[in-house]
Amino acid sequence: MTSSSSATSPNVLWYTRCPVPSPLGIAARKGWLAETFAEEGIAIESIIDSKDRSIRESHFDHHLAWSFRHGGNIPPIWARANGRATRLVAITWTDEFQAIVTLPGRGIGSIEQLAGRRFAVPRRVNDLIDFHRATALKGAVSALSLAGLTAGDVTLVELPIEESVILAQSEPSLFGLRRRHPYFREVEALVRGEVDAIFLKGAEGLVVANLIGAQIVSEFGHHPDPKIRINNGTPRVLTVDDALSRQRPDLVVRLLSVVERAGRWAEANPDETVRFVAREIATSEEAVLASNGPEVHRHLGIGLDAPLIEAIGHFKDFLLQWGFLPDDFDLDTWVDRGPLRALRAAHSQIPEATPAVAA
């Protein structure tokens, strides 16, 4: 996978990833990401670790040229709907803990008993992309649908949060930590009695549920219906900017190759994979296994199969319905199958590690 001498050759590629289970995270931590692009004479720089806030914002709005991103799908869907020229080149599907929880003594023992009760919806007033709000709403809609209810059957209590998710690098949020826990406002409201139930997800959410002695109202992160599980982190997307996609598709193939390598390594090294994921999320291995399941190492492959793309379309429609997107866009024109197809053709002897949509 070498480039032609006439091709545009950037000096730096910018990348970013969410603190979640991902093959890109493994590739970055093992040094493979830097190594593979060093062979092309290209340096790799982390967007989220930049001291420049305007650069860090590209983690959410994807504005940097010569960049790629792997993580939650709300920001890249939002960026595309707002006219950002990006392409979707791969998808991973790793199920995780998702639940509506309350506190003991609130009289909510089932989904049906959520009717008429107050549900927390965080609202980040100073952020362009309020993915926490969208994530909580999708969690509520999924859970309520299991009992034939809708969001209209509960009282949505918005919890304004002035603090931005893009913290100043020189100002750790609390006690030297680089980021604030994502559920601090919802937990506060639940404990104070401002709301009756909140949505939690992932290893971080599971730890919070344990910490506050929460009572599970509905847990659906591993529900047999994929549409119930679909949310910001299920599935996750790998996107590249237009310059990279059009001018250097060979570099996109190289990127997919190292990400796929990480997925294969994970499947062969389950214990080490859990340790890598725990470091990525900044949590315990126990929490990772409880949230993502003992087979998490088998669910870090990449693909563009129809069910994966349909899942992104389903969530895009949800975001449009709830007013998170300014306009609709054509999903098929966003997807660029060329690089993954080229990789499969070049390495046809390697079994494809396609993400599993349903457990």
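When you go through LEU200, LEU244 one by one, which is the residue that is touching a residue at least 24 places away in the same chain (Cβ under 8 Å) and in a helix (DSSP H, G or I)?
Numbers: LEU200 fails: in a helix (DSSP H, G or I).
Criteria check complete, one pass: LEU244.
For the residues ASN292, ASN269, the requirement of being touching a His at 6+ places or on another chain (Cβ under 9 Å) and under 17 Å from GLY71 (Cα atoms) singles out ASN292. For residues in region 97-141 being among the hydrophobic types (A, V, I, L, M, F, W, C) and part of a helix (DSSP H, G or I), which is nearest to VAL207 (Cα to Cα)? Checking each candidate, the answer is ALA136. Taken over region 251-277, the criterion of being more than 20 Å from the chain's Cα centre (by Cα) and among the hydroxyl-bearing types (Ser, Thr, Tyr) is satisfied by SER257 alone. Close contacts from region 332-359, counting a first residue that is assigned to a helix (DSSP H, G or I) and a second that is modelled with pLDDT under 95, with Cβ to Cβ under 7 Å and a gap of 6+ residues or different chains, come to ARG344/GLU352.
Scan region 212-241 for residues that are part of a helix (DSSP H, G or I) and of a type in the set (D, E, K, R) and the total you get is 2. For VAL195, the stated conditions do not hold, so it cannot be described as surrounded by fewer than 21 Cβ atoms within 10 Å (Cβ to Cβ), touching a strand residue (DSSP E or B) at 6+ places or on another chain (Cβ under 8 Å) and among the β-branched types (Val, Ile, Thr).
As a summary of the residue check, ALA287 satisfies the conditions (1) in contact with a Pro (Cβ under 9 Å, 6 or more places away or on another chain); (2) of a type in the set (A, V, I, L, M, F, W, C); (3) within 30 Å of GLU112 (Cβ to Cβ) except for the one numbered (1).
The values are calculated or read from the model by the stated rules, or taken from the named source; none is laboratory data. All figures in this text were calculated on a predicted structure; none of them were measured in a lab. In this analysis, Cβ positions are derived from the backbone assuming ideal geometry, glycine residues included, and neighbour counts consider all displayed protein chains.
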